[in-house]
1. Residues of the stretch 32-71 being in contact (Cβ under 8 Å) with a residue 12 or more places away in the chain and among the aromatic types (Phe, Trp, Tyr), which ones?
2. Scanning the stretch 79-99 for residues that are assigned to a helix (DSSP H, G or I) and without any contact (Cβ under 8 Å) to a residue 60 or more places away in the chain, which turns out farthest from His56 (Cα to Cα)?
3. Would you please list the contacts, defined by Cβ atoms under 7 Å and residues six or more apart or on different chains, that run from a residue in the stretch 195-209 that is within 17 Å of Arg174 (Cβ to Cβ) and of a type in the set (Val, Ile, Thr) to a residue that is surrounded by fewer than 18 Cβ atoms within 10 Å (Cβ to Cβ) and at pLDDT 95 or above?
4. With respect to Val89, is the statement that it is in contact with a Ser or Thr (Cβ under 6 Å, 6 or more places away or on another chain) and over 27 Å from Arg201 (Cα atoms) true?
5. Hey, among the residues in the stretch 147-185 that are in a helix (DSSP H, G or I) and not polar (S, T, N, Q), which one's surrounded by the most Cβ atoms within 10 Å (Cβ to Cβ)?
6. Would a scan of the stretch 123-135 turn up a residue that is crowded, with 22+ Cβ neighbours inside 10 Å and touching a helix residue (DSSP H, G or I) at 6+ places or on another chain (Cβ under 7 Å)?
7. Of the numbered conditions (1) buried (at least 21 other Cβ atoms within 10 Å of the Cβ); (2) of a type in the set (Ser, Thr, Tyr); (3) farther than 18 Å from Asp12 by Cβ, Ser112 satisfies every one except a single condition; which is it?
8. What is the number of the single condition among (1) among the acidic types (Asp, Glu); (2) at pLDDT below 95; (3) closer than 20 Å to Ala137 by Cβ that Glu62 does not meet?
Amino acid sequence: MDYLVALRRELDAFGALLDGDLSAPVEHCGDWRLVDLAVHLGAGNLWVVAAVREGHGDSNDESAAPRDRAALKAWYAATADALVQALSVDPSTEAWTFFPPHTVGFWRRRRSQETLIHRWDGEHALGSTTPMDPALAADGVAEVFDTMTPRMIAKGAATHPEQAVRITATDTGRSWTYGPGEPVAEVSGTAEDLLLMLWGRKSWGAESVTWDGSREAGLEVLAGPLVP
């Protein structure tokens with residue numbers, strides 16, 4: 001997957017939302033408004049620039065971001081450009097990251113996924129969402145299980161599951177098993193729906209997914225928490 005292409009696309013799609021109602025509440029991000037989400041995403045962009053170029057994770061400061069629409073749009077666009085430029089080096093280049101691998105490649109993937117979810121958040125806040133790229137969404141599901149959940153366990157915020165669940169993306173054919181042993185349940189849906197459910201944007205009880213086996217046991221496994 002060309003993460004830089006995906007990242008640029010999602011960054012620009014989010015930037016276009018800043019012509020909308022900046023006071024729109026963002027349902028799944030506490031008491032944030034769209035303006036707060038833009039500040040968060042832009043500051044995160046600059047945080048990763050510092051992680052790559054300066055080798056530390058100490059620069060995530062949202063206080064200096066402007067709130068005026070014109071200034072916010074220009075600032076956000078500049079952070080997006082800076083991020084893409086910083087990541088346009090060999091992906092094996094060493095960088096500070098919060099989880100292995102400690103490379104630029106980690107950030108290419110992580111920021112693509114971060115921006116994808118928050119692009120959806122912003123669109124949802126404005127009342128109209130556009131489809132996710134299925135391959136990128138499926139990669140986001142994979143990232144939950146190979147990066148986010150192991151990190152939650154390592155931090156002591158979650159424990160290893162006692163049973164297994166299989167998660168299958170019906171539109172890409174990819175499948176993941178989380179937990180030990182034979183799966184007690186399987187949940188199937190589009191990669192987008194699965195990703196949004198894993199990140200708490202949609203309910204596992206939605207009609208857009210199907211369950212086989214013990215749904216109750218499967219939900220216990222997926223309760224995690226799997227992500228921050």
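1. Across the stretch 32-71, the qualifying residue is only Trp47.
2. Initial filter on the stretch 79-99 (assigned to a helix (DSSP H, G or I)): 79-87.
Now narrow it down to the ones that are without any contact (Cβ under 8 Å) to a residue 60 or more places away in the chain: 79, 81-82, 85-86.
On the way: Thr79: 18, Asp81: 20, Ala82: 17, Gln85: 18, Ala86: 14 Å.
Per the criteria, the residue is Asp81.
3. From the stretch 195-209, the pairs are Val209/Ser188.
4. For Val89, the condition - in contact with a Ser or Thr (Cβ under 6 Å, 6 or more places away or on another chain) and over 27 Å from Arg201 (Cα atoms) - is not met.
5. Taking the stretch 147-185 and keeping what is in a helix (DSSP H, G or I), we get 147-154.
Of the ones still in play, those that are also not polar (S, T, N, Q) are 148, 150-154.
On the way: Met148: 22, Pro150: 16, Arg151: 17, Met152: 18, Ile153: 15, Ala154: 10.
Going through the qualifying residues, I end up with Met148.
6. yes
7. (3)
8. Unmet condition: (3).
The values are calculated or read from the model by the stated rules, or taken from the named source; none is laboratory data. Here the structure is a predicted model, which means the values were calculated and not measured. Using ideal geometry, Cβ is built from the backbone for each residue, glycine included, and neighbour counts are taken over all protein chains shown.
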